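The values are calculated or read from the model by the stated rules, or taken from the named source; none is laboratory data. Bear in mind the structure is a predicted one, so any value in this text is a computation, not a measurement. Cβ placement follows ideal geometry from the backbone for every residue including glycine, while neighbour counts extend to all protein chains displayed.
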Amino acid sequence: MKSLSILCLLILTSSMLLSQTLPYPIVGTAVSQCFGNTGPITCPTSPTNPFFGQFPGIPPSFHNNGNGTITDLNTGLTWQSSPDANGNANGIIEKADKLNLAQVQARPAILNAANYGGYSDWRVPTIKELYSLTNWNGTDPNVMGTSTAGLVPFIDTTYFPFAYGQVSLGERIIDSQYASGTVYKELGWDGFPMLFGYNFADGRIKGYGLMMPGGIQKTFFLICVRGNSGYGINAFKDNGDNTISDKATGLMWTKEDSHAGMDWQDALAWAQTKNAENFYGYHDWRLPDTKELHSIVDYARSPKSTNSAAIDTIFQCSRITDEAGNINWPWYWSSTTHQSYDGVNYAGANGIYVCFGAAFGWMMIPGNTYFSLIDVHGAGAQRSSPKNGTYLGDSLGVDSLGNAVYGRGPQGDVLRVNNYVRLVRSEPVTSIDDSKEIHSFNIYPNPVKDLCTISTDQKYSEINIRISNSLGIMVKELNSTNTNNVEISTSDLPHGVYFINISTGNSSVIKKIIKL
């Protein structure tokens, strides 16, 4: 138990410290419990125990600015709190608040012209920015259900008002898809573009076709974002030892993957097997959670547009033979469970994976009498499959050769129990000096409005303080001598995230503050 506590503390402490300085901190899943193959279990205490390796990551932290906006204190992103503002702003999130692609793209200009929330730099979020808000205590509903009783959405409703689809107006309860500005690099089967979005009702990233049956345009909820324009941009470095560091997230990855698929329990265990081998010189590898894994998706790449997986070419990515017998790329397990509720029982039998190859489903194209294997959701989609067993989905019919095909959900999602693995670990906090003198600095209050204080129990002959905004541009500098308390006026700074570099001459530290 002691070794587990120390490992969890190291991972959490390292992650929280890095979130203070990194442009792309990965916020945790917010899930504190652990899961086995079918549901919750007591969290394993030893790397030799089954299902060991489920960690919560950085705790989410938000601030309600009281003006219709929410600041994420980890990422530095500021959000519209509700998509209701895009419609009639009647306090009810409803179908009428949804926007088509053209309206989504036009919305930031409207907010900026109105100086919404006191800001004029709103933008449509990328899918990586939008995914930072996901809370994995949510429950996946029965797609055919009509009641929302007992369901939990995949977003913190304390800060972000939420609504399921309006069944009374012909929607499904899962029709709560939020738009991003990320367009898939390939066209859908119908020849129309696909826009990546996240469904806070069912916990999935999908590339959504923009034209619905009957020629109706697809519509989405939208919450715009501002601040930290570097969020979601990786800074990969090949370390030359079969590992890849991402200097933007503070995570280190294995350059190669597992070269073979395995079920979810074996994926968790494989990480611990590699730790016992001191894999590539480290013994703290883990199966990434879904938000960590999603951070390395490259949405500029796809199987057909670049003849590659949706990942930077600095990584090695195994090739597989897909369900149609063609060359493709794998899906990768995360350590995150996709919880579900069918109106009667809660379950945890499905594990989250991210598609670095095509996100296949079996669909019957109009005019055909057979099912075709189609990239229905795009490489970069995030879905889930059973953690073990032989279930491949419901029997749908046959393909063009008369072979039986199986899938799940409205697009006949292909299910794979054996997915690939790419391991991750948290890198040491190299941006924060480890000397005793530098650890004695405190900044308060934080978040700050007009005035903050930097204090220490030791008097320094000289302290240099430089304040930079989220773009790395220095906005203020001051020096103080023979003091252990420095007051900084922040009344002239716009709202947002700032980084304070405190230097005492022979050492320095970077601290993050939130200006309200």
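Results for (1) in a loop (DSSP other than H, G, I, E, B); (2) of a type in the set (A, V, I, L, M, F, W, C); (3) in contact (Cβ under 8 Å) with a residue 40 or more places away in the chain; (4) surrounded by fewer than 19 Cβ atoms within 10 Å (Cβ to Cβ), shown as yes or no for each residue.
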| position | (1), (2), (3), (4) |
| --- | --- |
| ASN67 | yes, no, yes, yes |
| ILE70 | no, yes, yes, no |
| ASP84 | no, no, yes, no |
| ILE92 | yes, yes, yes, yes |
| GLN105 | no, no, yes, yes |
| ILE110 | no, yes, no, yes |
| GLY117 | no, no, yes, no |
- Note on the structure: The strands (runs of 3 or more DSSP E) lying entirely within the stretch 442-493 that contain at least 3 residues which are polar (S, T, N, Q) and either over 15 Å from ILE513 (Cβ atoms) or not assigned by TED's automatic domain parsing to the domain that holds GLY118 (or both) are 451-469, 474-489
- Message: Consider the stretch 359-380. How many of its residues are small (Gly, Ala, Ser), surrounded by fewer than 24 Cβ atoms within 10 Å (Cβ to Cβ) and assigned to a loop (DSSP other than H, G, I, E, B)?
- Response: 1
- Message: Cβ contacts < 8 Å: first residue in contact (Cβ under 8 Å) with a residue 60 or more places away in the chain, restricted to the stretch 291-310; second residue in a helix (DSSP H, G or I) and among the β-branched types (Val, Ile, Thr), any location; separation 6+ or different chain. Result?
- Response: TYR299/ILE127
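Matching residues to (1) touching a Phe, Trp or Tyr at 6+ places or on another chain (Cβ under 7 Å); (2) surrounded by 17 or more Cβ atoms within 10 Å (Cβ to Cβ); (3) assigned to a loop (DSSP other than H, G, I, E, B):
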site: GLY325; (1), (2), (3): no, no, yes
site: THR337; (1), (2), (3): yes, yes, no
site: GLY343; (1), (2), (3): no, no, yes
site: GLY348; (1), (2), (3): yes, yes, no
site: VAL354; (1), (2), (3): yes, yes, no
site: GLY357; (1), (2), (3): yes, yes, yes
- Query: Can you pull out the residues in the stretch 438-468 that are aliphatic (A, V, I, L, M) and in contact with a Cys (Cβ under 7 Å, 6 or more places away or on another chain)?
  - Reply: ILE443
- Message: Can you report the number of residues in the stretch 26-52 which are assigned to a strand (DSSP E or B), under 23 Å from GLY389 (Cα atoms) and in contact (Cβ under 8 Å) with a residue 40 or more places away in the chain?
- Response: 2
- Message: Filter the stretch 29-48 down to the residues that are touching a strand residue (DSSP E or B) at 6+ places or on another chain (Cβ under 6 Å) and among the small types (Gly, Ala, Ser) and list them by number.
- Response: GLY39
- Query: In the stretch 210-265, what residues are under 18 Å from ASP312 (Cβ atoms) and hydrophobic (A, V, I, L, M, F, W, C)?
  - Reply: ILE233, ALA235, PHE236, ILE244, ALA248, LEU251, MET252, TRP253
- Item | Pick from the stretch 236-251, criterion under 17 Å from the mean Cα position of the chain (by Cα) and aliphatic (A, V, I, L, M), ranking: surrounded by the most Cβ atoms within 10 Å (Cβ to Cβ) | LEU251
- Message: Being without any contact (Cβ under 8 Å) to a residue 60 or more places away in the chain and either out of contact with any strand residue (DSSP E or B) (no Cβ under 6 Å at 6 or more places or on another chain) or closer than 25 Å to LEU77 by Cβ (or both) is the filter here; which residues of the stretch 209-234 pass it?
- Response: MET211, MET212, PRO213, GLY214, GLY215, ILE216
- Message: Cβ-Cβ under 8 Å, sequence separation 6+ or interchain: first residue in the stretch 163-187 and not assigned by TED's automatic domain parsing to the domain that holds VAL124, partner buried (at least 22 other Cβ atoms within 10 Å of the Cβ). Which pairs?
- Response: none
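This table checks each residue for (1) surrounded by fewer than 20 Cβ atoms within 10 Å (Cβ to Cβ); (2) modelled with pLDDT of 90 or more; (3) over 27 Å from ASN228 (Cα atoms).
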site	(1), (2), (3)
MET16	yes, no, no
THR21	yes, no, no
THR29	no, yes, no
GLY39	yes, yes, yes
THR42	yes, yes, yes
GLY53	no, yes, yes
PRO56	yes, no, no
SER61	yes, yes, no
- Message: Against the conditions (1) modelled with pLDDT under 95; (2) surrounded by fewer than 21 Cβ atoms within 10 Å (Cβ to Cβ); (3) not β-branched (Val, Ile, Thr), where does GLY402 fall short? Just the number, please.
- Response: (1)
- Query: Can you tell me which residues in the stretch 381-391 are farther than 26 Å from LEU401 by Cα and either of a type in the set (Ser, Thr, Tyr) or surrounded by fewer than 23 Cβ atoms within 10 Å (Cβ to Cβ) (or both)?
  - Reply: SER384, PRO386, ASN388, GLY389
